[in-house]
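The values are calculated or read from the model by the stated rules, or taken from the named source; none is laboratory data. Because the structure is predicted, anything quoted here is derived from the model rather than measured. As a convention, Cβ positions derive from the backbone with ideal geometry for all residues, glycine included, and neighbour counts pool all protein chains shown. Quick note on the areas: whole protein, heavy atoms, side chains included, nothing else; ligands and nucleic acids left out. Shrake-Rupley method; radii C 1.70, N 1.55, O 1.52, S 1.80 Å.
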Amino acid sequence: AGRAETATTTTTCGYCGVGCALDVHTDNAGVVSVTPTHGAPVNRGHACVKGRFAHGFLRSGDRLTQPLIRSAGRGSPLRPATWEEALTLVAAELTRIRDAHGGQAIGMICSARATNEENYLAQKFARTMLRTNNIDNCSRLCHAPTAAGLGASFGFAGGTNSFDDLDRADCILLVGANPTEAHPVVGSRIMARVTAGARLLVVDPRRTALAEVADVHLRGRPGSNVAVFNGLARVLLEEGYADRAYLEARTTGLAELEAVLHDHNPERVGEIAGIPADSVRAAARLFGRAAHPVIVYGLGVTEHLHGTDGVRTLANLALLRGTVGTPDGCGVLPLRGQNNVQGASDMGALPDVLPGYQKVAEAAVRERFSHAWGVPVPERPGLRIPAMFGAALTGDLRALYVIGEDLLTSDPDAGHVRAALAACEFVISQDIFLSRTAEAADVVFPAAAFLEKDGTFVNFERRFQRVRAAVAPPPGVRSDFDILHALITAMGGDPGFPDPAGAMSECARLTPVFGGISHGRLDAEGSLQWPCPDRGHPGTPTLYLEGFATVDRRAALAARPYLPPGETPDAEYPFVLVTGRRLAHYNTGSMTRRTPNAELLPAETLDLAPGDAAALGLSEGDPVEIRSRRGHLVLPARPTAEVAPGQLFTAFHFPEAPTNELTSRHTDEITDCPEYKVTAVALRRA
Ligand code: SF4
């Protein structure tokens, strides 16, 4: 109280993928308060407990403020170093490993928490300085199946419509998402639509706040999505709710889909998913009768062994109703987890595509980038994150450069990740705090947070928005952009531009779908949704009005049968653990736990059904040991009807409660996204 602001900076929230515009009020000592930007198109004056209040971590006493190196090798402690010393060491080690073993021996993991310009520079650094396509980002762990699935069905690797289309939706099919906690501004918008009379259908194993008010809640077993979506599709077709004219004119694959649906009547789907067949019919009828149905989904669809199949069979439902690529259709909206998951992938921080999803495998694409960069882009597609860990353990990958990720807390089967990091000759971590991964690194670079830097993010509706530094980083701290820029120079290269605006200009020149994006336009116009091919283009709120972005301009219906998840409960591991997020915290909690949000949720719990708790003699707060085939941990029990019998729920926000010691290495067959949503575990009172 009593602090008078001296400046206000408008920027974009760095937490979830909604991308709320925020006004950050500062004085000479730092951030005074954060308020939602009045009139912003995304959040319309709203913001949640993370965006508004979780900024105190900026001034946390344990911020990294100088580089750390392990000058006496592995086993010796990390010690402070000058920037010159650390950059010289990293440049020398990466050059040595590249020259001795080739670029394939180095991997780079970039971040959905970094700006577009930082991701652009990171992938350029990997391809031009390290000479490898071994660059990936944390979308691998969450929405890679969205990019693959929506890309295969419709053409582009992004949501089809805009958040604003929720305003006219008269039926919302919400799948595998709890936006009330993970994307609160969307959660409240959905609740407002329901209050205004829209029907709500929820497909989720948990009884979330929105499931409580749903017209139909399909509470299927974790891992049963494809069966449920196929069951809904079958009813839509059988009962005459499909738009046959649209299907005929704008899609392919209907006969193949109908053949697969032959085996997916509501009774069989009900058996697979553990839900009443009549509920499947009731949900399909509500979706079928709606004039403007919308599909909103989250990681409960993607983080599965068959995650891409889940996205594609869900997309089928929108196509059957003809609600994609039409002026009054509301389409399919994936809720991205981290703020810049869309942008990190859009910028080509992926092993098989350059910016704008231009394929590394296409010679003409490589030629264009090689010509612009003056260095040949490697032809061989790179390794995905799980394959990087595998290659480290076989000795094929010798160095790993990790930006903004705590792999040991966020990636599945932490014991495997630990072994992979230990097997690398050289690990670099770039972060705000000394994470568990940074503790295991050979060099740690102190990086700036989103309120301290300049650039852009892309939200879940393909919207580019500006990120602006509201405060300077602490002395000694540099942005990811500045660190990469300096490292390229230290390795004898030329970054090609002096600042983030220059990076976006270069990206726009080389990437047709972003051709009209620039910092200048964003400053003048507020935001732009891609595709935006030229400087006169207004951006694209709704995709595919002129046809799908496929070779034949038609969308591809997906004929995919239900297949079981990687693990199913058995006598030894009789429960299914689902992991997710909670309202007060964000990802590995490194930022939110250093703010007053920690008082809202000071520690993790294991949520379980009251009946299961009673059977085990567990009351609220009792310690319970959770054991999987890979590891174990102890958490306090929290009996709650949110969780179905036989299932469990916990989040991954607390490194001291490392949930990912339990999770498995089963990954989506198409994209390698981990199956975080299905882990067979056993319980006992600790
Ligand atoms: Fe908005 Fe998400 Fe930030 Fe909350 S965390 S303010 S919903 S962008």
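So here's what we get for this one:
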item: With 10 Å bins from 0: P(r) over the range 633-686, alpha-carbon pairs, percent; result: 19, 51, 26, 4
item: Residue-span extension gain [residue 27 to residue 641] - 0.36 nm each, minus C-alpha spacing; result: 216.5 nm
item: Whether the range 13-159 is rounded, prolate or oblate, judged on the alpha carbon gyration tensor where a/c under 1.5 counts as rounded; result: oblate
item: Within straight-line cross-link reach of residue 359, lysines at Cα separation under 28 Å, skipping those fewer than 8 residues along the same chain; result: 124
item: Residues of the range 290-325 with amide N under 20 Å of a point placed 7 Å along Cα→Cβ from residue 194; result: 290-301
item: Inter-centroid distance (Cα atoms) of the range 632-686 relative to the range 465-511, Å; result: 38 Å
item: Span from the the range 139-185 Cα centroid across to the the range 572-624 one, whole angstrom; result: 26 Å
item: Sites matching trypsin sites (Lys or Arg not before Pro) across the range 623-670 that sit in DSSP coil, with at most 16 neighbouring C-beta atoms within 10 Å; result: 629
item: Sparsely packed GluC sites (Glu not before Pro) within the range 177-272, loop by DSSP, other Cβ within 10 Å at most 14; result: 239
item: Residue 494 paired with residue 245, simple spin-label distance in nm, labels 7 Å along Cα-to-beta-carbon; result: 5.8 nm
item: Carbon/sulfur fraction of accessible area - the chain, other protein chains in place, 1.4 Å, %; result: 53 percent
item: The range 185-239: projected area of the alpha-carbon convex hull, averaged over directions, in nm²; result: 4.5 nm²
item: Contour minus Cα-Cα distance for residue 620 and residue 568 (0.36 nm per residue); result: 16.0 nm
item: Ratio of Rg to Rh over the chain (Cα coordinates, Kirkwood Rh, two decimals); result: 0.95
item: Mean separation of Cα contacts under 8 Å, 6 or more apart, over the residue count of the chain: relative contact order %; result: 20 percent
item: Dipole magnitude of the chain about its Cα centre (Cβ charges: Lys, Arg +1; Asp, Glu -1), debye to nearest 20; result: 320 debye
item: Debye intensity ratio in log₁₀ form over the Cα atoms of the range 504-548, taken at each q of 0.14, 0.17, 0.21, 0.29 Å⁻¹; result: -0.30, -0.43, -0.64, -1.04
item: Relative contact order for the range 307-429, counting Cα pairs under 8 Å that sit 6 or more residues apart, in percent; result: 14 percent
item: Mean projected area in nm² (Cα convex hull; one quarter of hull surface) for the range 494-600; result: 14.7 nm²
item: Label-to-label distance, nm, for residues given as residue 372 and residue 278 (7 Å Cα→Cβ offset); result: 5.9 nm
item: FRET efficiency estimate (nearest 0.05) - Cβ-Cβ, residue 35 to residue 84, R0 41 angstrom; result: 0.50
item: Accessible surface, 1.4 Å probe, highest first, among residues 199, 594, 206; result: 199, 594, 206
item: Kirkwood hydrodynamic radius (C-alpha pairs) into Stokes-Einstein, the range 68-153, 20 °C and 1.002 mPa s, D in µm²/s; result: 142 µm²/s
item: 380, 463, 234, reordered so the largest accessible area comes first (probe 1.4 Å); result: 380, 234, 463
item: Surface per residue (accessible, 1.4 Å probe) for the range 1-72, Å²; result: 43 Å²
item: The range 535-577 - Kirkwood radius from inverse mean 1/r over Cα pairs (Å); result: 15.5 Å
item: Cα gyration tensor shape for the range 23-104, rounded if a/c is under 1.5, else prolate or oblate; result: prolate
item: Extended-chain gain in nm, criterion 0.36 nm per residue less alpha-carbon gap, residue 167 and residue 686; result: 182.0 nm
item: Anchor residue 50: lysines whose Cα lies under 27 Å away (excluding residues fewer than 8 positions away in-chain); result: 453, 677
item: Values of log10 I(q)/I(0), in the order q = 0.19, 0.29 Å⁻¹, for the range 593-652 under a Debye, Cα-only, solvent-free model; result: -0.71, -1.21
item: Computed over the range 84-241, Kirkwood Rh from alpha-carbon pairs, angstrom; result: 19.5 Å
item: Cα→Cβ-extended label distance, 7 Å offset, between residue 99 and residue 419, nm; result: 3.4 nm
item: Residues of the range 316-468: accessible area per residue with a 1.4 Å probe, Å²; result: 25 Å²
item: Solvent-accessible surface ranking, highest first, for 326, 679 at 1.4 angstrom; result: 326, 679
item: The range 59-73 and the range 13-29: distance between their alpha carbon centers, rounded to Å; result: 26 Å
item: The range 563-633 - Rg (one decimal) and Dmax (whole number), Cα, Å; result: 15.1, 44
